[in-house]
């Protein structure tokens with residue numbers, strides 16, 4: 001699937017329908033949380049790779065995509081980045097779409113370099129991700145190179161709009177005068193324009209938006225404001241967003257958004273309620289199934305399972 | 001120098017005084033621009049490493065710091081990132097400070113992971129950079145982890161305020177209502193507060209700001225608005241900013257800012273006026289000396305050379 005040049009909005013929508021859930025699993029490896037059996041016989045970068053591949057084995061048949069968090073791999077230096085590359089290729093081989101969560105952003109030819117790095121899905125592409133998270137602060141001409149490369153390769157970008165952290169109020173919620181709107185609304189309008197410029201058959205574009213699960217009211221308002229933009233919704237689970245909170249981020253068919261859970265799933269074996277489960281992978285599988293069930297029960301994503 | 005736990009603002013100020021110039025050289029390797037002798041006998045990542053090390057050899061005695069642009073290395077995949085690590089270590093060994101231009105930004109423990117990745121200057125640190133460029137869009141709690149790690153390790157961050165591209169108008173120049181100020185001014189006020197919280201003997205903090213050379217008026221105004229913030233000023237040379245344009249970004253002693261030139265120096269051998277120079281490194285050396293001279297002639301940086 002991930003080698004098709006098809007439109008990203010369509011590919012992601014098809015994957016959501018195929019797996020019958022908008023849940024995606026965040027790969028955020030942290031040394032202190034790894035199972036002892038993985039920590040005991042490997043260097044850190046190797047352990048991250050082994051762990052993430054094991055998570056992929058558990059979730060590959062359950063969810064449409066995984067979202068590797070680049071920061072945790074970069075923290076190990078170049079060796080960690082090599083592991084990240086291996087994890088990404090493994091996810092593709094298992095039929096999963098990849099959302100590289102690296103929040104890149106730059107200008108001109110530098111932005112093009114980032115875009116080609118992650119979104120060139122040709123055989124020559126070094127990373128061949130299906131999509132990448134992008135930061136909008138540098139402005140319209142910093143997003144265009146990402147859109148161009150994404151369109152060329154049937155890849156996608158998810159641009160930060162309203163992030164899940166409390167500090168998103170510092171700048172994102174400040175109100176402009178002309179027209180009167182908040183920064184994140186201004187970004188949202190820009191993203192809707194970019195997405196609409198290259199719509200797929202699904203009705204969604206290659207340009208998505210990051211909107212945190214921790215802002216249920218904004219999710220509802222932004223869903224209306226960006227009808228052609230797929231949402232990447234972080235903050236579900238460990239960060240405090242409930243399945244009911246994310247409901248507003250999906251369209252009437254349970255589409256138009258993916259909901260990320262990281263720690264709540266990949267470190268499920270640390271959760272008190274799963275203490276009696278012997279094999280850590282079984283806890284991960286159960287947590288994934290439970291998250292899928294919760295989301296289906298509290299949102300239009302339930303329609304995907306009928 | 002780069003293994004000292006001392007304050008970054010002080011270390012950078014000392015390096016500027018020692019080299020008697022605020023010029024820093026951007027390491028932006030691009031395959032098509034490399035000298036033929038480097039392209040002919042190496043893989044791309046190896047060629048990038050060889051080229052950047054050769055640039056470092058030329059400029060190490062001339063400038064206080066180099067600024068590797070992570071995007072161009074990431075574009076080569078994990079092998080490129082390995083090369084980036086080698087280039088960074090080589091710069092340190094040659095006594096240069098490093099400004100990793102990666103424009104990272106994230107929240108909570110993920111921001112901490114990025115900060116530790118690049119700014120942990122202990123022997124265990126994977127990258128051991130002296131400073132890192134950071135994107136402010138995610139808000140105050142996304143900057144705090146970078147500040148904390150920077151303070152701990154005598155490292156610094158340069159946060160995007162007013163970037164050099166035309167598209168910086170899209171969001172950065174929009175005006176908020178309460179108080180009436182532009183987004184980049186709002187960011188600037190926040191950075192001044194962060195810098196002032198941990199001032200060095202130089203009068204500058206560990207928190208810097210990126211302000212483009214292409215906005216001379218804003219440079220003057222922001223210099224007053226952020227008296228304790230060191231500026232990283234890109235856009236000089238190839239992007240159109242002149243030595244006169246950047247003058248307002250420095251304080252009355254020629255300190256408080258570093259001025260980056262990338263293409264104009266590292267690919268100087270492609271400039272028509274240097275066509276007659278046989279050895280490409282000689283063109284790089286001459287372009288560096290000329291940029292240092294231009295900056296000294298048109299700004300308070302001239303005082304550093306008396």
Worksheet item: At residue A:251, with labels set 7 Å past Cα in the Cβ direction, how many nm apart are the copies from this one, shortest first?
Response: 5.6
Discussion item. For A:170, A:177, A:112, which order do you get if you count the other beta carbons within 10 Å of each Cβ and list the fewest first?
Written reply: A:177, A:112, A:170
Practice prompt. Give the nm distances, rounded to one decimal, from residue B:217 to the matching residue in every other copy, measuring between label points 7 Å along Cα toward the beta carbon; shortest first.
Written response: 3.8
Discussion item. With angles folded into 0 to 90 degrees, how steeply does helix A:183-196 sit against the dominant principal axis of chain A? Use alpha carbons for both and round to 10.
Written reply: 90 degrees
Worksheet item: How large is Rg/Rh for segment B:118-223, to two decimals, with Cα atoms and a Kirkwood Rh?
Response: 1.00
Worksheet entry | Dimensionless Rg over Rh [segment A:164-233; C-alpha; Kirkwood] | 0.98
Worksheet, complete the sentence: Quick calc of log₁₀ I(q)/I(0), the protein assembly as shown, Debye, one scatterer on every Cα, no solvent, q values 0.07, 0.12 1/Å, result -0.41, -1.19
Discussion item. Suppose you put the label 7 Å out from Cα in the Cβ direction; list, shortest first and in nm with one decimal, how far residue B:281 is from each other copy's label.
Written reply: 5.4
Item to complete: Can you tell me the equivalent ellipsoid semi-axes for segment B:1-142? Use √(5λ) from the Cα gyration tensor, largest first, whole Å.
Response: 25, 20, 13
Worksheet item: In what order do B:182, A:279, A:94 fall by count of nearby beta-carbon atoms within 10 Å, going from fewest to most?
Response: A:279, A:94, B:182
Item to complete: Return the percentage of antiparallel bridges among DSSP beta bridges fully within segment B:8-301, rounded to the nearest 5 %.
Response: 5 percent
Discussion item. Given a 10 angstrom Cα cut-off, can you work out which residue in A:207, A:134, A:187 is the most mobile in a GNM of chain A?
Written reply: A:187
Discussion item. Would you report the distance distribution of C-alpha pairs in segment B:1-62 as whole percents per 5 angstrom bin, up to the bin with the largest distance?
Written reply: 4, 16, 21, 17, 14, 11, 11, 7, 1
Practice prompt. Give the Debye-formula value of log10 I(q)/I(0) at each listed q (0.14 Å⁻¹), with one equal scatterer per alpha carbon of chain B, two decimals each.
Written response: -1.02
Worksheet, complete the sentence: Most exposed to least, judged by fewest other Cβ atoms within 10 Å, A:146, B:72 sort to B:72, A:146
Item to complete: Summarise the long-distance tail of P(r) for segment A:189-306 by giving the % of C-alpha pairs beyond 26 Å.
Response: 26 percent
Worksheet item: If you find the alpha carbon centre of segment A:246-264 and of segment A:39-76, how far apart are they in angstrom?
Response: 22 Å
Worksheet, complete the sentence: Under the helix-only model (-39500 (n - 2.57) for each DSSP H run of 4 or more, divided by the residues of chain A), the mean residue ellipticity at 222 nm, to 500 deg cm²/dmol, is -13000 deg cm²/dmol
Practice prompt. State the Cα centre-to-centre distance between segment B:221-244 and segment A:161-196 in whole Å.
Written response: 27 Å
Worksheet item: Roughly how compact is segment B:48-126, stated as its Cα Rg over 2.2 N^0.38 Å to two decimals?
Response: 1.13
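We did not get these values from a lab; they are worked out from the coordinates using the rules stated. Just so we're clear, the structure is a prediction, and the values are computed from it rather than from any experiment. For neighbour counting, all protein chains shown are included, and Cβ atoms are generated from backbone atoms with ideal geometry for every residue, glycine included.
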